[in-house]
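So the structure is just underneath, and the comments pick up after that.
The values are calculated or read from the model by the stated rules, or taken from the named source; none is laboratory data. The structure displayed is predicted, hence computed values, not measured ones. With ideal geometry, Cβ positions are generated from the backbone for all residues, glycine too; neighbour counts draw on all protein chains shown. To get the accessible areas, we keep the full protein, side chains included, count just its heavy atoms, and leave off ligands, DNA and RNA. Shrake-Rupley method; radii C 1.70, N 1.55, O 1.52, S 1.80 Å.
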Amino acid sequence: MTPPERRTRGRTSRSRLRALDAYLYRCERALLERQDGEWREAAFVDVGFGEHPWTTLESAELFRELNPTLPVIGVEADEGRAAAAARHEEALTRFRHGGFDWASTAGQPVRLVRAMNILRQYRDEDVAAAHAELGRALLPGGLGVEGSTDVQGGITVAHLLRRTPEGLTREALLFHTDFHHGFAPVLFRDWLPRDLRRRVQPEEPIHAFFAAWTEAWQQAREQGAWEPRSAFQQSALQLAASAGGVSADAWLLERGYLRWQPSGGVPRPLSI
Ligand SMILES: C[S@@+](CC[C@H](N)C(=O)[O-])C[C@H]1O[C@@H](n2cnc3c(N)ncnc32)[C@H](O)[C@@H]1O
């Protein structure tokens, strides 16, 4: 898939994807460490790293604590940005000019592919093809991460897409907040991944999820959980008890993460 015609803004900021990195470090450790067969050479590919490759380099540093020989490849549709990033290259870190399909066409085995803050510039109807292209290079069991954050990375929502023998599944939706803006479920609405962002509307499955979370949050507040962190944790626990697929893992909830992994996958919007 070709990116939008005009040169898109490449704005990024240091630490913007730290919360996502920390989640992957903790919850995808086996994926990052794996060394058998093709996995030994399997890369982390960061698609659309932006004007500066800060976030790629930060992830590389963290993930290499688990896997010191992890190949990391930053891919950019903007040729100038890809060329400028070359000064950060070293033996295991490379930067290339290309798009969502770069990894599958380059024949590079991939364990993890990330495309954060990219699809906001695309149309709704482009999302399924973009996911498919991102997923094509993944080894079975590999993970695709696509979503959005606010400018500083204090709010994140991302699709977790898993490559299975049947194809790429919409395994889970990951929410994270650092509580900088307080907490209410609605805070996440504007940072939903591209295909869900304008779908918090009656009849849409994502609307039902937000309605259940908002009700749980209101109940938590009625029970005295006013402080953002406790309102978040209590609402998430209540949601975990009432709705399927919400993780009650204490590590996640204490740090502002909610993972929704409905059986059957994260529902697609009703119509595109
Ligand atoms: C807003 S920046 C995001 C930077 C970084 N990923 C972050 O989350 O902060 C978006 C970048 O994606 C690049 N981009 C857009 N479509 C792309 C595509 N199909 N393949 C590779 N890069 C793309 C743009 O050129 C731009 O530099």
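Descriptive notes on the structure:
- Selection count, the range 235-272, where residues are assigned to a loop (DSSP other than H, G, I, E, B), more than 20 Å from R18 (Cβ to Cβ) and in contact with a Ser or Thr (Cβ under 8 Å, 6 or more places away or on another chain): 4
Yes or no, residue by residue, for (1) under 21 Å from A137 (Cβ atoms); (2) among the aliphatic types (A, V, I, L, M); (3) touching a Leu at 6+ places or on another chain (Cβ under 7 Å); (4) open to solvent by 50 Å² or more (accessible area, probe 1.4 Å):
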position: L17; (1), (2), (3), (4): yes, yes, no, no
position: L20; (1), (2), (3), (4): yes, yes, no, no
position: D46; (1), (2), (3), (4): yes, no, no, no
position: G50; (1), (2), (3), (4): yes, no, no, no
position: F63; (1), (2), (3), (4): yes, no, yes, no
position: I73; (1), (2), (3), (4): yes, yes, no, no
position: A85; (1), (2), (3), (4): yes, yes, no, no
position: F100; (1), (2), (3), (4): yes, no, yes, no
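- Members of the range 176-226 found to be β-branched (V, I, T) and either in contact with a Leu (Cβ under 8 Å, 6 or more places away or on another chain) or modelled with pLDDT under 95 (or both), listed by number: T177, V200, I206
- Restricting the first member to the range 201-221 and to residues that are touching a residue at least 40 places away in the same chain (Cβ under 8 Å), and the second to residues that are assigned to a loop (DSSP other than H, G, I, E, B) and open to solvent by 70 Å² or more (accessible area, probe 1.4 Å), the beta-carbon pairs closer than 6 Å and six or more apart or on different chains are E204/L270.
- Residue check for L161: surrounded by 22 or more Cβ atoms within 10 Å (Cβ to Cβ) and within 12 Å of the ligand (Cβ to nearest atom): no
- Selection count where residues are under 20 Å from the mean Cα position of the chain (by Cα), open to solvent by less than 30 Å² (accessible area, probe 1.4 Å) and over 20 Å from G182 (Cβ atoms), scope the range 204-257: 4
- Residue among H181, H176 that is under 16 Å from the mean Cα position of the chain (by Cα) and under 19 Å from A231 (Cβ atoms): H176
- Selection from the range 102-121 of residues that are surrounded by fewer than 18 Cβ atoms within 10 Å (Cβ to Cβ) and within 11 Å of the ligand (Cβ to nearest atom): R120, Q121
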